[in-house]
Amino acid sequence: MTSTVLVAGATGDLGQRIVGELHRHDTLVRVLTRPGSGKAHGIYGGQDRVEIHEVDYTDAPALVSALSGVDTVVSAVSGARPVIVDVQRALLAAAVDAGVARFIPSDYSADFRRITPGSNRNFELRREFAADLDAAPLRVTSVLNGAFTDMLTGQAPMILFSRHRVLYWSSPDQVLDFTTKDDVARVVALVALDADAPRVVEVAGDRVTARTIAQTMTELTGTSFSPQWAGTAGTLLAMSKIGRRLSKDKGEAFPAWQGMQYFVSMFSGEAQLRHVDNDRYGPHAWTSVRDVLETHLQESVKTR
């Protein structure tokens, strides 16, 4: 029986990967897009088994209509409070009114449930929306995957490639969870089609430490990389709070101070995954941190 899955945020990087993975199965995918935006039509126009629905998230009746007949809603939206809380609340309310059976929120992160209040804004927004999800009369599954592995090659300045150092806070042996976007998208698609999925599914494509990352970089480059102490997680948290207070970009999803807060959550150990179940959907060749770093280094050589 063909399952109908609606994907919100389907034009984003992760959203497109999720739609691609859903198409590996017997699914009909509905894509939500804002009226007047041609991006979804440019990406999915003319594709088999894809329906494009132009809907404003503030138009509740239209949103309910777009969700009518949907089995599972997958949210892959990205942003700060106006998106993670407000947009997803509208999406959840419409899903309930339309009789949707299951909802997968846009979590795709480390374990935000145990973090200290005030230590990570983006995680706290997810925790706030989780309370709405837990009170809703439908089945909910959050996918937790640690950090996206590609952050190590750009967005997260943990590896100092030119200085042959790997930064860490507090301990070089703190376990860090990483999963590539492709692996996350695969899991999300399988969860969307798994009627028995639990409230939380935890996966980690790789589990490393700053020390083992330094060892990997040494092996890949032939040059000695060393772990470099950058302070304590507590000191970094204090710095992030100062940065947030002085920042003019408080509404952005990933300002520099938010990046600091991600490192606080990871290196404090509060956001470490505790119940990883990589085999829930059978054997899979997970992409490792080493794989991602090796590809990055090879591509860097080609572009010189």
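Which loop GluC sites (Glu not before Pro) in the stretch 236-304, with loop taken from DSSP, have no more than 13 other Cβ atoms within 10 angstrom of their Cβ? Passing both the DSSP loop test and the Cβ count: 252. Rounded to the nearest 10 square angstrom, residue 53 shows an accessible area of 50 square angstrom against a 1.4 Å probe.
Measuring with a 1.4 angstrom probe and ignoring ligands and nucleic acids, residue 52 comes out at about 40 Å² accessible. Cβ-Cβ distance of residue 23 and residue 296, R₀ of 25 Å, FRET efficiency by 1/(1 + (r/R0)^6): the value works out to about 0.35. At full extension, residue 160 and residue 116 could sit 13.0 nm farther apart than now, given 0.36 nm per residue minus the alpha carbon distance.
Under a no-solvent Debye model with one identical scatterer per Cα of the stretch 156-304, what's log10 I(q)/I(0) at q = 0.13, 0.14 Å⁻¹? Results for the stretch 156-304 at q = 0.13, 0.14 Å⁻¹ read -0.74, -0.84. Taking the accessible area of the chain, probe 1.4 Å, and keeping the other protein chains in place, the carbon and sulfur fraction comes to 51%.
Leaving out ligands and nucleic acids, note down the accessible area per residue over the chain with a 1.4 angstrom probe, in whole Å².
Numbers: 13520 Å² over 304 residues.
Result: 44 Å² per residue.
When 96, 289, 301 are compared by accessible area of protein heavy atoms, the largest-first order is 301, 96, 289, using a 1.4 Å probe. When you filter the trypsin sites (Lys or Arg not before Pro) in the stretch 1-85 for DSSP loop state and at most 11 other Cβ atoms inside 10 Å of their Cβ, you are left with 24. For the stretch 20-76, evaluate the Debye formula with one uniform point scatterer on each Cα (no solvent term) and list log10 I(q)/I(0) at q = 0.14, 0.17, 0.20, 0.22 Å⁻¹, rounded to two decimals. Computed log10 I(q)/I(0) values: -0.39, -0.58, -0.80, -0.95.
Using Stokes-Einstein with the Kirkwood hydrodynamic radius over Cα pairs, what translational diffusion coefficient do you get for the chain at 4 °C and a viscosity of 1.567 mPa s, in µm²/s rounded to a whole number?
Stokes-Einstein gives a translational diffusion coefficient of 64 µm²/s.
Report the antiparallel proportion of the DSSP beta bridges in the chain as a percent, rounded to a multiple of 5.
On the way: 5 of 36 bridges.
Taking every DSSP beta bridge with both residues in the chain, the antiparallel ones total about 15 percent.
Full extension of the segment from residue 238 to residue 34, taken as 0.36 nm per residue of separation minus the current Cα-Cα distance, would add 69.6 nm.
Normalise the Cα radius of gyration of the stretch 36-105 by 2.2 N^0.38 Å (N = residues in it) and let me know the number.
Values: Rg = 12.4 Å, N = 70, 2.2 N^0.38 = 11.1 Å.
Its radius of gyration relative to the 2.2 N^0.38 Å reference: 1.12.
The values are calculated or read from the model by the stated rules, or taken from the named source; none is laboratory data. Note that the structure is predicted; figures quoted are calculated from it, not measured. Methodologically, a virtual Cβ is constructed for each residue, glycine included, from the backbone with ideal geometry; neighbour enumeration extends over all protein chains shown. Ligands, DNA and RNA are stripped out before the accessible areas are found, and what is left, the full protein with its side chains, is counted by its heavy atoms. Shrake-Rupley method; radii C 1.70, N 1.55, O 1.52, S 1.80 Å.
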